[in-house]
Structure formats: structure tokens, C-alpha cells
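Have a look at the structure below, then the notes.
The values are calculated or read from the model by the stated rules, or taken from the named source; none is laboratory data. All of these numbers come straight from a predicted model, not from anything done at the bench. Counting neighbours? That spans all protein chains shown, and the Cβs are built from the backbone with ideal geometry, glycine included. Each accessible area value is taken on the protein alone, full model and side chains, heavy atoms only, with ligands, DNA and RNA left out. Shrake-Rupley method; radii C 1.70, N 1.55, O 1.52, S 1.80 Å.
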Amino acid sequence: MSILLRRVEVDGRGVDVRIAGSRIEAIGPHLDALGSEVVDGRGGALIPGLADHHLHLFAMAADLRSVRCSPAAVGGLAGLAAALSAAPADEHGWVRGVGYHEDVAGLLDAPTLDRIHRDRPVRIQHASGAVWFLNSAAIRATGLAAAHHPGVERDATGRPTGRVWRGDDLLHSLLPAGDPPSLREVSRRLARFGIVAVTDATPRLDQQRVDLFRTALASGELAQHVTLLGAPLGVDLQEPLLAAGPWKIVLADSELPGIDDLVAEIREAHSSLRPVAAHCVTSASLFLFLAALDEAGTLPGDRIEHAAVVPAPAIGMLAERGLRVVTQPGFLPDRGDRFAAGTPLAEHGDLYRCRSLLDRGIPVAMSSDAPYGPLDPWQVIAAAADRLIPGGHTLGASEALTPARVLESYLTPTYDPGGPPRRLSAGGPADLVLLHQPLGEALREPSCEQVNMVFVRGLPAT
């Protein structure tokens with residue numbers, strides 16, 4: 001397939017761009033159509049496709065089939081009860097809720113859920129993704145009372161409370177087997193935002209789940225290029241559309257590992273020539289990881305996921321160790337008021353740092369953490385630029401970046417997040433985003449409404 005994009009802006013110049021197959025064939029003024037389908041860009045910017053450097057694809061697909069349980073969606077406990085009652089069950093009779101926050105009715109447990117929805121098994125995920133809440137029917141269906149599992153909270157009598165911390169893998173193994181959710185609608189949503197490549201940050205994938213990604217890509221259900229942080233160690237995964245990234249290590253503050261175990265895991269990943277990507281959302285987990293790296297050694301590409309809290313002394317430590325950061329300032333407009341309320345005023349500048357890291361030469365890449373954070377990269381660009389939280393207040397104004405600088409981080413490849421942004425060139429991949437306006441105008445008020453067309457491997461994405 002050959003396409004000629006007429007009158008587009010590339011790096012500030014008005015040019016034509018001809019696409020042949022999956023590559024850019026030519027860039028220049030007044031190109032011959034040569035039988036190509038002609039698209040008039042009307043002066044809009046043509047930029048490389050965006051990369052989201054941290055999200056969870058199958059969780060996003062499951063999220064689309066789930067009940068919204070956020071404070072905005074349900075209000076209080078009565079609203080949650082009504083939402084659960086109205087929700088259709090899946091093929092096994094389960095009800096799945098997402099986005100819950102304790103502002104609705106505190107930390108849920110089985111007795112509370114039984115009072116509002118007893119008859120069907122219910123599982124509800126906290127907005128952070130850190131904990132699941134189960135009612136008694138769900139506890140019985142999974143057999144959690146009969147065997148002890150890590151992360152299953154129990155009361156003084158030894159019975160499960162209904163709270164399962166970091167329990168994605170456990171629940172996946174105990175829930176009734178069913179067809180995996182389709183990624184087709186997820187892929188469409190990504191394309192509508194201009195996202196052509198993603199890094200899936202789901203940890204510790206087994207071969208069966210890796211094959212699910214492979215199948216989705218081969219069938220065309222998923223159009224984006226995919227890098228997996230959870231790909232098994234020792235597996236050579238460098239396919240045209242699927243690659244292994246750094247090894248994901250979750251440092252959950254509910255159950256931090258001992259430093260010896262953490263050092264051993266880092267060394268195992270490094271011995272497989274895999275950098276590590278450490279989930280760190282508090283200063284405790286961050287400093288533990290830094291201490292473990294000092295003993296295990298570093299590898300180019302080692303990085304911090306989230307970096308939600310970075311105390312000032314840690315900035316130099318990150319720089320000295322050659323680390324990079326993949327962060328999510330999109331959480332600021334989404335729930336920054338909660339972060340501010342739970343953090344001393346003097347430490348507000350430590351939250352979701354950007355500029356201070358870049359000023360020390362630390363590569364920084366933006367991402368969504370979808371479905372736990374807002375997917376829209378244009379919303380993230382605006383959030384990193386204005387740092388507004390609900391209520392209209394600014395959080396960490398000194399950490400703000402220009403929209404152009406934030407966009408550049410989305411243009412960095414998944415194998416080098418925060419590195420040099422990709423540029424368009426003849427012979428390069430035709431993974432492209434055409435905007436309605438020139439880039440400078442589009443970035444004055446970043447919005448996904450600016451996205452006109454998206455091309456993945458030379459084909460229009462829908």
C-alpha cells in the first residue's frame with residue numbers, strides 16, 4: 001500500500017511524505033504521487049507515533065468489562081451496592097469491579113461486601129491495583145480459606161478478611177478458566193490517542209501469557225508494537241512486534257523483600273543480560289532498591305518505575321548510578337489531591353518529579369500505568385506542564401516541563417525510554433501521527449482532539 005501525505009509539517013517544514021509498505025519512502029516538497037492514495041494534511045504536523053512506556057494491556061481489556069467503583073462513579077456504599085446489583089456477571093457468574101478508593105466506604109472487607117452483595121462472587125480492585133476485595137462467595141469459590149497464600153490477609157481467627165494484597169497472579173490461578181479478554185478495543189483506544197508502541201509492565205509472565213500477546217499480534221487484534229517487562233528470564237524474545245524489556249521487580253510496601261533476596265533477583269536478571277525495572281512508589285522502596293543495586297551492581301537500562309516519591313537526596317543517587325525513570329504525572333489531575341493530603345507540605349516537591357531529574361541528566365519517560373492511571377497521553381502532557389490537581393491547586397510547580405519536552409519523552413523508543421526522541425526520515429518506519437494543526441499550535445492546549453490520523457506499519461489505524 002502506498003500513501004502520499006500532502007502538505008504536512010515535519011520538523012517545522014512544510015513537505016510531502018510518501019509511505020510505501022511499512023516504511024517512509026520519501027520526504028520532500030512537491031513529491032510525485034506515483035499512483036499513491038493522496039491524503040491532504042492541510043498543514044498539520046506529522047510526528048512519530050507515541051510510545052506509552054508503562055501500562056497493562058490485559059488489565060485494560062478486563063477493565064472495559066468491569067463495574068466502575070470509584071468515588072465519582074458510585075458516591076458511597078449505597079451507590080456501590082446499586083452498581084454491583086446492576087452489573088452483569090461474567091460467564092462464570094462473577095462480578096468484577098475496578099477503581100475503588102477508600103473515600104467510598106473505607107477499606108472494604110468480606111463482611112462489608114456481604115451486606116451489600118451476598119449472592120454472587122464479587123472481586124473489586126483498588127484504584128492503585130495493590131489490593132483486591134472479595135466477598136464471602138468469592139472466598140469460597142477460590143478456596144482461599146482452605147490454604148494459606150502470600151498476600152491473603154487474615155483476621156485473628158485465621159479466616160480471610162477478603163483483602164488480597166498484590167494478588168493478581170494468585171487470583172488468576174484460582175479463578176475459573178475462561179477465554180482471555182480481547183485486546184481489539186484496547187488497541188483501537190491506543191490508536192485514537194496516537195500510541196503505536198507500548199511497554200506492558202505486568203510482572204512475571206509465564207509462557208502461556210506471553211503466547212497470548214503473540215497471538216493477539218499475529219491475528220491483528222493488537223496493532224501496536226509491544227515490549228514486555230514480565231517476559232521470562234532466559235527467553236530470547238526479539239520478534240518484529242514483540243520484545244523483552246527489563247525485568248520487572250515489584251517492591252510493594254505492604255511486603256518489602258529482604259535485601260539479600262532483592263540482590264539475588266537483580267543479579268539473576270543481570271546475568272541474563274536483562275536490566276531491571278523496579279516498581280517504587282515510596283521513599284522506602286526507592287532507597288531499598290538503591291541499596292540493593294550498590295551490592296548487586298548496575299546494568300545500562302536499569303530503571304525506576306513510577307518514582308512517585310523521590311526525596312531530594314535521592315536525585316543525585318539516581319544520577320550517579322546511571323538510572324532512568326518511567327513516571328506518570330497523569331496521576332496529578334486524576335488523584336493528586338489525595339497525594340497532597342497524605343504527604344507533608346514540605347515533601348510535596350518530592351511527588352512525581354520531572355524537571356529536577358532531567359536537570360541532573362536522568363532520562364525520564366512518561367507513561368500512563370493504564371488502567372490504573374489516565375491513558376490519554378495528551379492529558380499526561382498537559383498534567384506534566386501545569387501540574388494541576390483536583391481543586392485547581394498546583395503541586396510541585398518547580399517540576400513542570402514544557403509540553404514540547406513532555407511530548408519528546410513519548411517519542412522515545414520503548415527500548416530506550418527517555419533517550420533521544422525518534423525523528424522522521426526516509427527509510428524509517430511508517431509509525432506516524434498526523435495532527436490537525438502545526439505542532440506549536442497543537443501543544444498550546446494539548447488534547448487528543450488534535451489527532452487526525454494514525455499509521456501503524458504504514459496502515460491507517462482505526
Tell me which residues, restricted to segment 420-462, are among the small types (Gly, Ala, Ser) and surrounded by fewer than 17 Cβ atoms within 10 Å (Cβ to Cβ). Ser425, Ala426, Gly427, Gly428, Gly440, Ser447
Across segment 373-391, the tally of residues that are open to solvent by 50 Å² or more (accessible area, probe 1.4 Å) and touching a Phe, Trp or Tyr at 6+ places or on another chain (Cβ under 6 Å) stands at 0
For segment 67-84, indicate whether the set of residues that are over 16 Å from Leu134 (Cβ atoms), touching a residue at least 12 places away in the same chain (Cβ under 8 Å), assigned to a strand (DSSP E or B) and touching a helix residue (DSSP H, G or I) at 6+ places or on another chain (Cβ under 8 Å) is non-empty. yes
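Results for (1) within 19 Å of His225 (Cβ to Cβ); (2) among the basic types (Lys, Arg); (3) touching a strand residue (DSSP E or B) at 6+ places or on another chain (Cβ under 9 Å), shown as yes or no for each residue.
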residue: Gly373; (1), (2), (3): no, no, yes
residue: Ala404; (1), (2), (3): no, no, no
residue: Tyr410; (1), (2), (3): yes, no, yes
residue: Leu424; (1), (2), (3): yes, no, yes
residue: Leu432; (1), (2), (3): yes, no, yes
residue: Cys448; (1), (2), (3): no, no, no
Matching residues, segment 59-85, being within 27 Å of the chain's Cα centre (by Cα) and open to solvent by 40 Å² or more (accessible area, probe 1.4 Å): Leu64, Arg65, Arg68, Ala72, Ala73, Gly75
Screening Pro333, Pro329 for residues that are of a type outside the set (Phe, Trp, Tyr), on the phi < 0 side of the Ramachandran plot and touching a Phe, Trp or Tyr at 6+ places or on another chain (Cβ under 6 Å) leaves only Pro329
Restricting segment 86-105 to residues that are out of contact with any strand residue (DSSP E or B) (no Cβ under 9 Å at 6 or more places or on another chain) and surrounded by fewer than 17 Cβ atoms within 10 Å (Cβ to Cβ), the residue that is nearest to Asp337 (Cα to Cα): Asp103
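One line per residue, one yes/no per condition, for (1) under 17 Å from Ala197 (Cβ atoms); (2) part of a loop (DSSP other than H, G, I, E, B); (3) among the hydroxyl-bearing types (Ser, Thr, Tyr); (4) modelled with pLDDT of 95 or more:
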{"residue": "Glu408", "(1), (2), (3), (4)": "yes, no, no, yes"}
{"residue": "Tyr415", "(1), (2), (3), (4)": "yes, yes, yes, yes"}
{"residue": "Gly419", "(1), (2), (3), (4)": "yes, yes, no, yes"}
{"residue": "Arg423", "(1), (2), (3), (4)": "yes, yes, no, yes"}
{"residue": "Gly427", "(1), (2), (3), (4)": "no, yes, no, yes"}
{"residue": "Glu441", "(1), (2), (3), (4)": "no, no, no, yes"}
{"residue": "Glu449", "(1), (2), (3), (4)": "no, no, no, yes"}
Could you look through segment 124-147, keep only residues that are in contact with a strand residue (DSSP E or B) (Cβ under 8 Å, 6 or more places away or on another chain) and open to solvent by 30 Å² or more (accessible area, probe 1.4 Å), and pick out the one that is farthest from Val67 (Cα to Cα)? Ala145
Of all residues in segment 376-393 being in contact (Cβ under 8 Å) with a residue 60 or more places away in the chain and out of contact with any Leu (no Cβ under 7 Å at 6 or more places or on another chain), the one that is farthest from Ala59 (Cα to Cα): Ala382
I need the full set of residues from segment 345-371 which are out of contact with any strand residue (DSSP E or B) (no Cβ under 7 Å at 6 or more places or on another chain), surrounded by fewer than 24 Cβ atoms within 10 Å (Cβ to Cβ) and closer than 17 Å to Asp386 by Cα, in order please. His348, Gly349, Arg355, Ser356
Collect the residues in segment 106-123 that are open to solvent by 10 Å² or more (accessible area, probe 1.4 Å) and in a loop (DSSP other than H, G, I, E, B), keeping them in residue-number order. Gly106, Leu107, Asp109, His117, Arg118, Asp119, Arg120, Pro121
Quick one: Ser173 ticks every box in (1) within 19 Å of Ala62 (Cβ to Cβ); (2) touching an Asp or Glu at 6+ places or on another chain (Cβ under 9 Å); (3) open to solvent by 50 Å² or more (accessible area, probe 1.4 Å) bar one, so which box is it? (2)
Considering Arg321, Arg303, which residue is over 24 Å from Ile381 (Cα atoms) and either basic (Lys, Arg) or out of contact with any helix residue (DSSP H, G or I) (no Cβ under 6 Å at 6 or more places or on another chain) (or both)? Arg321
Of the candidates Gly220, Gly230, Gly194, the one satisfying the condition of being over 24 Å from Pro246 (Cβ atoms) and open to solvent by less than 30 Å² (accessible area, probe 1.4 Å) is Gly194
Which numbered condition Pro150 fails, given (1) free of Cβ contacts under 8 Å to residues at least 40 places away in the same chain; (2) touching a strand residue (DSSP E or B) at 6+ places or on another chain (Cβ under 9 Å); (3) surrounded by fewer than 19 Cβ atoms within 10 Å (Cβ to Cβ); (4) not hydroxyl-bearing (Ser, Thr, Tyr): (1)
Wholly within segment 1-58, which strands (runs of 3 or more DSSP E) include no fewer than the required count, namely at least 2 residues that are within 32 Å of the chain's Cα centre (by Cα) and surrounded by 12 or more Cβ atoms within 10 Å (Cβ to Cβ)? 2-10, 13-20, 23-28, 46-48, 50-55
